[in-house]
Amino acid sequence: MGTVFSFDVRGGDADAVAAALGAAVAGLHRADELFSTYRQDSEIARLARGELTLADCSPEVAEVLDLGARAERDSDGWFSPRYGGALDPTGIVKGWAAGRAARLIAAAGARGVSVNGGGDVQLLGAPEPHRPGRGGVSDPLRPGRLAAVVSAAGTEELAVATSGTAERGAHIDDPRTGRAAVSDLVAVTVVTPRLTWADCWATAAFARGSRDGLAWLESLPDVEGLLVTAGDEGLCTSGLAARLG
Amino acid sequence: MRKSHPVRRAVLVGAATVSGIVLLLSLKPAADPASAPAAAAPPRPSGSAAASPRGAGAAGGTGPRTVTGAVAPTPYGDVQVRLTVHGGRIVRAEAVRAPRGGLSDRKTALAVPRLNQEAVSAQSARIDAVSGATYTSAGYRRSLQSALDRAGG
């Protein structure tokens, strides 16, 4: 997927955790093999070309396409698992794969797991008995600085995902026009238990723009968001404050 | 794994910042018609200085305690701030009453994360990961996450 995953794993039986970490990394490579649109031989590329049916594909492919369909429905079409009309669930795979990797390691007995997949973070458990996991949010307009810190205090799972133009310029397309989304935003960060959804909702809210994006995130249960406009205005959902710290 | 709500890390935030919330709201020019004071606002006490604690739950001892400031009227409605103090430090500041509706609702929401931001610079924040729009390996090398990984957590 051309990106970097970082793992921070605390506690648990060293051998069991090391084995789970190995399996999690293998799972990420497998996700890349299955879903990369840059690999002509990936299942998703072959499915898109009609060389495979969904039934021929690995079960993960159907799982991700189901999640993509749900994301498209729940975002009123603002998140799309297609690109230029062709099947392309790239927008959902990274968050899904990172979340899956984190759960695999936590299931092996680790006390605290943090997986960062290209800027999208899944926190599980707590790194230390009295210290909750904390995720920083990069300030999109001040590289190297944080705009906020989100705490997982009081919850076992928390995901923080950011979509924006900071690195790649306008890369989020408006699925309605097929062109780069006309957004007054430079970044949207979404905080919710599961990284798959944090990632999708950040992308969809970014495409919607500040006014509509904020109202839409506010309407979603157990979802908080921080939106930063090109004018350096920060907007957030009403419940975000309770997650800061 | 963890049943009880852990004690939050102490965050040093000056009380002046809390007054800043009220200031932010009260100094804003009256140009937002959608932000009339909340209809349900109860009659407010005569005191208006948000910085004068009313002492709700201000029992002695060393545990965290909360103090709720008096209601401060602003052109957009009443504002009331609650502080949680632990070990002589303000560990949390939140608006328990704020004008609702329209732009001022956003401004209210805004004030709280700014407090948080100051908290970040005020302490050497212990952070496990950094979220940001860093998609590529080149972006990773420039990212805070990369610095965090080098530091070895």
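The values are calculated or read from the model by the stated rules, or taken from the named source; none is laboratory data. Quantities reported herein were computed from a predicted structural model and do not represent experimental measurements. In this analysis, Cβ positions are derived from the backbone assuming ideal geometry, glycine residues included, and neighbour counts consider all displayed protein chains. What goes into the accessible areas is simple: the full protein's heavy atoms, side chains included, and nothing from ligands, DNA or RNA. Shrake-Rupley method; radii C 1.70, N 1.55, O 1.52, S 1.80 Å.
Tabulated data for the structure shown
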read-out	value
Residue-averaged beta-carbon neighbours from other chains (10 angstrom radius) around A:236-243	4
Shielded by partner chains, the range A:116-160 residues - at least 50 Å² of accessible area, 1.4 Å probe, vs chain alone	A:Arg131, A:Arg134, A:Ser138, A:Leu146, A:Glu156
For q = 0.07 Å⁻¹, Debye-computed log10 I/I(0) when each Cα of chain A counts as one equal scatterer	-0.23
Accessible area buried between chains B and A, both sides summed, probe 1.4 Å, in Å² to nearest 100	4200 Å²
Karplus (6.51, -1.76, 1.60) ³J(HN,Hα), θ = phi - 60°, over the range A:103-109, in Hz, Gly and Pro reported as x	5, 4, 6, 5, 5, 7, x
Solvent-accessible area, 1.4 Å probe, carbon plus sulfur percent, for the range A:1-156	54 percent
Within 10 Å of each Cβ in A:219-231, the average number of Cβ atoms from other chains	0
